[in-house]
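The values are calculated or read from the model by the stated rules, or taken from the named source; none is laboratory data. Just so it is clear, the model here is predicted, and its values are computed rather than measured. Positions of Cβ are generated from backbone atoms using ideal geometry, with glycine treated the same way; all protein chains shown enter the neighbour counts. Heavy atoms of the whole protein, side chains included, go into the accessibility calculation; ligands, DNA and RNA do not. Shrake-Rupley method; radii C 1.70, N 1.55, O 1.52, S 1.80 Å.
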Amino acid sequence: MCGIFGIITNQKNISLGKIVLEGIKRLEYRGYDSCGIVTLSDSKLYVKKDSGRIDEIQKKIDLTEFPNDSKLALAHTRWATHGAPTKNNSHPHLDCSGKIAVVHNGIIDNFIELRKELAQKGHIFKSETDTEIIPHLIEIKMKEGLNFKDSVIEALKLCKGAYGLAICHADHPDSFIVVRKESPLVIGIEEGKTTYCASDIPAFLPLTRKCYIMDDDELAVLKAGEVEFFDINTDKKIEKEIQLIEWNIDAAEKGGYEHFMLKEIYEEPTAMKRTMKISKDLLRIFAKILWSAENIYITAAGTSFYASLAGKFIISRFLGKYIQAIECSELQTQLSNSLKDESVIIAVSQSGETIDTIEAIRWAKSKKNVKVLTITNVVGSSLTRYSDHVIVTQAGPEIGVAATKTYNTQVLTLALIAIEIAKLRKVELDSEIKKYEKALEETPQIIENFLKNNVDSIKGVVNALEKSVNFFFLARGISIATAKEGGLKLKEVACRFIEGYSAAHAKHGPIALVREGFPIIFIAPPDETYQRLIGNVMEFKARGGKIISLVVENDKNITELSDITIRIPQPGDKYYNIFSPITFTPALQLLAYYTSLHHGLDPDKPLNLSKTVTVH
Ligand code: F6R
């Protein structure tokens with residue numbers, strides 16, 4: 001939630017305003033209800049901020065126009081948590097003297113008490129945010145005689161919560177300070193020239209590939225082209241290694257597509273081919289741990305949870321053991337009396353920064369001697385620090401708020417682990433395992449073929465359903481995960497109400513909603529549930545439902561019962577059916593994308609959402 005960008009430079013011929021605007025725009029996926037910038041000149045801070053998306057604000061106030069001699073700027077794009085998305089609540093926030101400015105990603109949990117205390121001491125607040133207490137606390141510490149850095153450290157000792165912070169002081173034009181606790185922060189550097197901070201690497205990637213990834217409880221003092229790191233608990237200096245970013249900024253820009261979401265759907269085959277190259281040794285480590293575990297849980301949020309539902313099904317098939325999938329926000333409540341030592345928890349998170357997932361894992365580790373196996377798309381993300389073993393999916397940066405290619409690479413990774421388990425356990429013949437392996441290897445090609453040939457037919461479905469605002473996505477078995485994920489995409493980017501549900505269970509209540517023309521999307525690979533699903537399709541058809549089905553290429557029975565079919569170009573045997581969450585989901589992602597466009601919405605920026613949810 002929220003994006004932070006900061007820069008300090010000694011270069012004369014660069015356009016600071018333009019760099020800051022472009023940097024913060026690359027973080028807009030993290031929140032986009034208001035934006036603000038502070039710069040510094042002649043011992044004065046200059047703040048510009050407003051509510052709205054960055055482009056809208058830019059039309060009203062030129063965010064790029066800074067005093068000529070400015071060499072430092074901090075910027076923020078907000079996803080409101082405390083206080084409505086108004087100009088006053090936008091960051092940066094200042095202290096009473098107007099000398100200290102703070103931009104913040106995260107939440108200060110005890111801000112109400114602190115704000116009361118500060119107000120009693122005469123501090124004046126201009127916003128309803130939790131963030132605004134921070135510059136005032138620093139102001140007090142500086143008045144007590146501490147230097148800037150120590151004031152920040154002492155002020156933060158009073159704050160409970162999560163933060164990625166960037167702080168500047170009008171009387172300190174040659175440096176600014178950043179601090180990280182549970183909210184991501186990275187530092188980019190052009191040695192001797194310019195230093196950047198950001199909530200995510202793409203913000204500075206066109207300018208430098210050299211970066212430092214900050215850990216929790218670290219503070220950094222940024223100067224032009226140099227940076228020093230400190231442990232905020234001991235105040236000791238920390239030596240950190242520069243990391244070289246290998247991916248290119250093209251990977252994080254639209255590359256000719258109208259939206260990131262569309263680009264990222266089309267990147268799925270490549271992302272999956274890269275993910276297939278994950279080290280076999282690492283997959284085997286995961287496989288062995290799962291094989292020897294008695295209790296296995298898989299936990300995640302949102303799309304990652306639906307990937308987990310699909311993945312647990314595939315792994316259980318080869319492991320011969322039950323895996324319990326628990327939404328991360330419920331893990332503690334559900335396992336508080338039953339978590340056992342030596343349990344294994346698989347944590348799945350695209351960003352590796354989802355606070356509910358991190359908290360679930362931290363809680364489990366604090367209670368019992370559990371092993372944590374993490375699947376994430378972000379190297380060095382917070383979740384990886386609490387994990388015994390980590391697999392990084394190779395989706396590349398995902399900018400569209402709705403997860404697409406990361407879903408596919410997550411399910412694929414879980415499927416790759418499942419195949420390794422099959423090889424270890426030897427309960428299947430080698431020839432059988434080879435057939436599963438071949439089917440899995442073909443999944444990128446199946447998706448590529450689908451995307452190449454089916455855009456018009458998906459647009460046709462969008463037109464046919466243009467008047468519908470409510471939908472069911474129904475399925476049985478493993479495809480319930482596909483139904484839930486496909487439905488979530490339509491909900492997020494096209495603002496339709498959907499229920500993703502078990503087709504069998506839907507007659508125990510949801511069917512009451514069905515009237516003439518009510519759209520029901522059935523996910524129907526010809527697996528062991530197919531015959532029963534035919535019965536469910538008929539139940540809904542008999543009540544006037546409009547039947548849209550996702551079927552394999554040579555499907556006949558459900559096709560005959562359907563008003564519209566979307567055909568996935570793949571064989572319909574058991575080797576392929578088990579991986580259908582991978583091959584069927586892109587069709588539903590495209591359906592959501594084009595429905596969003598049809599209704600004039602921006603699929604990259606769904607209302608009220610943020611790519612990385614760092615609040616409880
Ligand atoms: C949906 C979506 C979210 C995320 C969820 C978890 O399109 O993107 O539901 O899947 O917030 O995020 P990660 O995977 O980063 O933990």
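Figures for the structure shown
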{"quantity": "Near pairs, Cβ below 6 angstrom, 6+ apart or cross-chain, from segment 270-287 (under 14 Å from Leu414 (Cα atoms)) to any residue that is part of a helix (DSSP H, G or I) and among the hydrophobic types (A, V, I, L, M, F, W, C)", "calculated": "Met272/Leu412; Thr275/Leu412; Leu283/Leu416; Leu283/Ile417; Phe286/Ile417; Ala287/Ile417; Ala287/Ile421; Ala287/Leu424"}
{"quantity": "Odd one out for Glu466, checked against (1) assigned to a helix (DSSP H, G or I); (2) in contact with a His (Cβ under 8 Å, 6 or more places away or on another chain); (3) over 18 Å from Phe584 (Cβ atoms)", "calculated": "(1)"}
{"quantity": "Hits in segment 431-443 - residues which are without any contact (Cβ under 8 Å) to a residue 24 or more places away in the chain, open to solvent by 40 Å² or more (accessible area, probe 1.4 Å) and in contact with a helix residue (DSSP H, G or I) (Cβ under 8 Å, 6 or more places away or on another chain)", "calculated": "Glu437"}
{"quantity": "Among (1) open to solvent by less than 10 Å² (accessible area, probe 1.4 Å); (2) more than 17 Å from Leu590 (Cβ to Cβ); (3) under 26 Å from the mean Cα position of the chain (by Cα); (4) more than 16 Å from the ligand (Cβ to nearest atom) - the single one Ile523 does not satisfy", "calculated": "(2)"}
{"quantity": "Count of residues meeting criterion [within 9 Å of the ligand (Cβ to nearest atom), assigned to a loop (DSSP other than H, G, I, E, B) and open to solvent by less than 40 Å² (accessible area, probe 1.4 Å)] in segment 337-384", "calculated": "7"}
{"quantity": "Residue within segment 401-409 that is farther than 26 Å from Gly487 by Cβ, touching a helix residue (DSSP H, G or I) at 6+ places or on another chain (Cβ under 6 Å), within 12 Å of the ligand (Cβ to nearest atom) and not in a loop (DSSP other than H, G, I, E, B) present", "calculated": "no"}
{"quantity": "Selection within segment 166-183 - touching a residue at least 40 places away in the same chain (Cβ under 8 Å) and either in contact with a helix residue (DSSP H, G or I) (Cβ under 7 Å, 6 or more places away or on another chain) or more than 22 Å from Thr612 (Cα to Cα) (or both)", "calculated": "Ile167, Cys168, His169, Ala170, Asp171, Pro173, Asp174, Ser175, Phe176, Ile177, Val179, Glu182"}
{"quantity": "Sole residue being within 16 Å of the ligand (Cβ to nearest atom) and modelled with pLDDT of 95 or more, chosen from Thr585, Thr565, Thr612", "calculated": "Thr585"}
{"quantity": "Qualifying residue in segment 57-64 (condition: assigned by TED's automatic domain parsing to the domain that holds Gly161, open to solvent by less than 50 Å² (accessible area, probe 1.4 Å), in contact (Cβ under 8 Å) with a residue 40 or more places away in the chain and in contact with a Gly (Cβ under 9 Å, 6 or more places away or on another chain))", "calculated": "yes"}
{"quantity": "Segment 26-44, residues that are over 26 Å from the mean Cα position of the chain (by Cα) and open to solvent by 30 Å² or more (accessible area, probe 1.4 Å)", "calculated": "Asp42, Ser43, Lys44"}
{"quantity": "Residue in segment 167-177 that is within 21 Å of Leu94 (Cα to Cα), of a type in the set (Asp, Glu) and surrounded by fewer than 20 Cβ atoms within 10 Å (Cβ to Cβ) present", "calculated": "yes"}
{"quantity": "Pairs with Cβ under 6 Å, 6+ apart, first in segment 41-56 and in a loop (DSSP other than H, G, I, E, B), second open to solvent by 50 Å² or more (accessible area, probe 1.4 Å)", "calculated": "Ser43/Asp171"}
{"quantity": "Residues located in segment 546-576, provided they are within 19 Å of Asn449 (Cα to Cα), of a type outside the set (Lys, Arg) and open to solvent by 10 Å² or more (accessible area, probe 1.4 Å)", "calculated": "Glu553, Asn554, Asp555, Thr565, Pro569, Pro571, Gly572, Asp573, Tyr575, Tyr576"}
{"quantity": "Test result for Asp109, among the acidic types (Asp, Glu), in contact with a Gly (Cβ under 7 Å, 6 or more places away or on another chain), touching a residue at least 12 places away in the same chain (Cβ under 8 Å) and open to solvent by 50 Å² or more (accessible area, probe 1.4 Å)", "calculated": "yes"}
{"quantity": "Whichever residue in segment 449-463 is touching a residue at least 60 places away in the same chain (Cβ under 8 Å) and more than 24 Å from Pro526 (Cβ to Cβ) and, among such residues, is surrounded by the most Cβ atoms within 10 Å (Cβ to Cβ)", "calculated": "Val462"}
{"quantity": "Close pairs from segment 341-357: first under 9 Å from Val372 (Cα atoms), partner near the ligand (Cβ under 7 Å from one of its atoms) and modelled with pLDDT of 95 or more, Cβ under 7 Å, at least 6 apart", "calculated": "Ala347/Ala300; Ala347/Thr357"}
{"quantity": "Test result for Asp130, surrounded by fewer than 18 Cβ atoms within 10 Å (Cβ to Cβ) and not small (Gly, Ala, Ser)", "calculated": "no"}
{"quantity": "Neighbours by Cβ (under 7 Å, 6+ apart or cross-chain): first from segment 303-320, outside the structural domain of Gln350 (by TED's automatic domain parsing); second of a type in the set (Gly, Ala, Ser) and within 16 Å of the ligand (Cβ to nearest atom)", "calculated": "none"}
{"quantity": "Helices (runs of 4 or more DSSP H) within segment 238-323 that include 1 or more residues within 16 Å of the ligand (Cβ to nearest atom) and open to solvent by less than 40 Å² (accessible area, probe 1.4 Å)", "calculated": "260-266, 268-275, 302-319"}
{"quantity": "All positions within segment 206-223 that are farther than 11 Å from Ile187 by Cβ and either out of contact with any strand residue (DSSP E or B) (no Cβ under 8 Å at 6 or more places or on another chain) or of a type outside the set (A, V, I, L, M) (or both)", "calculated": "Pro206, Arg209, Asp215, Asp216, Asp217, Lys223"}
{"quantity": "Single condition Ala512 does not satisfy, out of (1) outside any loop (DSSP other than H, G, I, E, B); (2) among the hydrophobic types (A, V, I, L, M, F, W, C); (3) within 16 Å of the ligand (Cβ to nearest atom); (4) modelled with pLDDT under 95", "calculated": "(3)"}
{"quantity": "Subset of segment 468-483 [surrounded by 23 or more Cβ atoms within 10 Å (Cβ to Cβ) and out of contact with any helix residue (DSSP H, G or I) (no Cβ under 6 Å at 6 or more places or on another chain)]", "calculated": "Phe471, Phe472, Ser479, Ile480, Ala483"}
